[in-house]
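Please read the structure below before turning to the comments.
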Amino acid sequence: MSVKKVDVAVLGGGPGGYTAALYCARAGFSVTVIEKMAPGGQMATTGRVDNYPGFDEGVDGFELGERMQRGAERFGAETLFADVTGVELAGDTKRILTTDGELEARAVVLSTGASPRELGLPEERELRGRGVAYCATCDGMLYKDKTVVVAGGGNSAAADALHLAKLCKKVILVHRRDTLRASQVYLAPLRESGVEFVWNSRITGILHGAQVTGVRVEDVKTGAEREIPCDGLFVAVGRVPDTALFADQVKLEEHGYVDADETTRTDLPGVFAVGDLRSKPLRQIVTAASDGAVAAHFIEEYLLQQA
Ligand code: NAP
């Protein structure tokens, strides 16, 4: 099979990846974005995005992903829908193996994002799709008029609880502390939504037959345990960076994110990290897109030095 040669290979078609692709393609470089599912990454699973500027009435996350793809392709970037199975990032020529052939690139953008963190409960994996879910926008409709528990206290848990409150009979948010980490913007809507809160509690078990029937929670202060009947458990306890493909090649920081500063440069020349997998204080669509633009700037500088 022939090897495709490009200036820039982008691993992952989220907002960071497609912004890097747009800027690099517009600067005249050949670019291929390799995406395994759909353009947009995590954003594509978000029903409505209200905090990406320029969309005064909000925009559907999936649609925004497609628009970012088309925006980059307008300048010649290409998308390869395939799984990346291996990478060799050291050296001037980077090799990328995919389920649909091999690429050689002069520079690589790592933009594989992050996946939902699991609670780590017994049978959590087996019950995925049978009452355990990680994406309220994707699976919420399955729980219409039912009772669900949301685990977590960050922006994802808040957004999921609000989304589910519009669909479900009852939403119970279980958080291990007595305050949410979520942004202020969620607090008033949550109060008005009818979402019930179970504070200072951690989920210790999932009750089930063929489907989830409830969760067992422990009060972290008193140690008292009780059961909460529910039809579904939405886990929203953060994300884990998707770095398995290159963790042995690129320097990671202590929490497993790629160690790249505001230039998006990693410790490997010609390898850049953008979006949620990079060490950074705020993971948002707009900061991922910003990373993509910054990466393109330093990629251009790098490629011109190499030429
Ligand atoms: P996050 O901000 O890291 O919050 C994770 C939450 O889960 C925290 O409240 C944490 O509790 C809790 N948690 C972690 N591990 C747990 C465990 N094992 N058991 C029980 N609870 C656990 O994660 P996120 O909410 O998924 O957000 C990820 C990133 O995406 C953030 O940067 C966020 O801002 C961004 N995001 C933004 C939006 C938005 O702006 N609209 C929406 C969604 C996501 P503690 O508080 O006790 O640590």
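The values are calculated or read from the model by the stated rules, or taken from the named source; none is laboratory data. Source: prediction; values computed, not measured. In this analysis, Cβ positions are derived from the backbone assuming ideal geometry, glycine residues included, and neighbour counts consider all displayed protein chains. Side chains included, ligands, DNA and RNA excluded: accessible areas come from the protein's heavy atoms. Shrake-Rupley method; radii C 1.70, N 1.55, O 1.52, S 1.80 Å.
Taken as a whole, the structure places residue 22 among residues that are of a type in the set (A, V, I, L, M), over 17 Å from the mean Cα position of the chain (by Cα) and assigned by TED's automatic domain parsing to the domain that holds residue 283. For the stretch 14-31, the criterion of being away from the ligand (no atom under 16 Å from the Cβ) and either part of a strand (DSSP E or B) or over 23 Å from residue 269 (Cα atoms) (or both) is met by at least one residue.
Which of the residues belonging to the stretch 35-63 are over 15 Å from the mean Cα position of the chain (by Cα) and either of a type in the set (Gly, Ala, Ser) or not in a strand (DSSP E or B) (or both)? Listed by number, the residues that qualify are 50, 51, 52, 53, 54, 55, 56, 57, 58, 63. Taking (1) within 16 Å of the ligand (Cβ to nearest atom); (2) open to solvent by less than 60 Å² (accessible area, probe 1.4 Å) in turn, residue 103 satisfies each apart from (1).
Quick grid of which residues meet (1) closer than 26 Å to residue 139 by Cβ; (2) assigned to a loop (DSSP other than H, G, I, E, B):
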residue: 180; (1), (2): yes, yes
residue: 205; (1), (2): yes, no
residue: 214; (1), (2): yes, no
residue: 227; (1), (2): yes, no
residue: 249; (1), (2): no, yes
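Residues in the stretch 139-183 that are charged (D, E, K, R), near the ligand (Cβ under 10 Å from one of its atoms) and buried (at least 16 other Cβ atoms within 10 Å of the Cβ): 160, 176. If you go through the stretch 32-65 and keep only what is open to solvent by less than 60 Å² (accessible area, probe 1.4 Å), of a type outside the set (D, E, K, R) and more than 15 Å from the ligand (Cβ to nearest atom), you end up with 32, 33, 34, 38, 39, 65.
Listed by first and then second residue, the pairs linking a residue in the stretch 106-129 that is on the phi < 0 side of the Ramachandran plot and free of Cβ contacts under 8 Å to residues at least 60 places away in the same chain to a residue that is of a type in the set (Phe, Trp, Tyr) and open to solvent by 20 Å² or more (accessible area, probe 1.4 Å), with Cβ atoms under 8 Å apart and 6 or more places separating them unless they lie on different chains, are 128/134. Listed by first and then second residue, the pairs with beta-carbon distance under 9 Å, at least 6 apart or on different chains, first residue in the stretch 68-81 and at positive phi and surrounded by fewer than 16 Cβ atoms within 10 Å (Cβ to Cβ), second modelled with pLDDT of 95 or more and in a helix (DSSP H, G or I), are 76/25; 76/26. All of (1) open to solvent by less than 60 Å² (accessible area, probe 1.4 Å); (2) part of a loop (DSSP other than H, G, I, E, B) hold for residue 288 with one exception: (2). Search the stretch 182-203 for residues being part of a helix (DSSP H, G or I) and among the hydroxyl-bearing types (Ser, Thr, Tyr), and hand back the single one that is farthest from residue 139 (Cα to Cα). Filtering first and then ranking leaves 186.
Exactly one residue out of 283, 216, 278 is outside the structural domain of residue 40 (by TED's automatic domain parsing), within 16 Å of the ligand (Cβ to nearest atom) and of a type in the set (Lys, Arg): that is 216.
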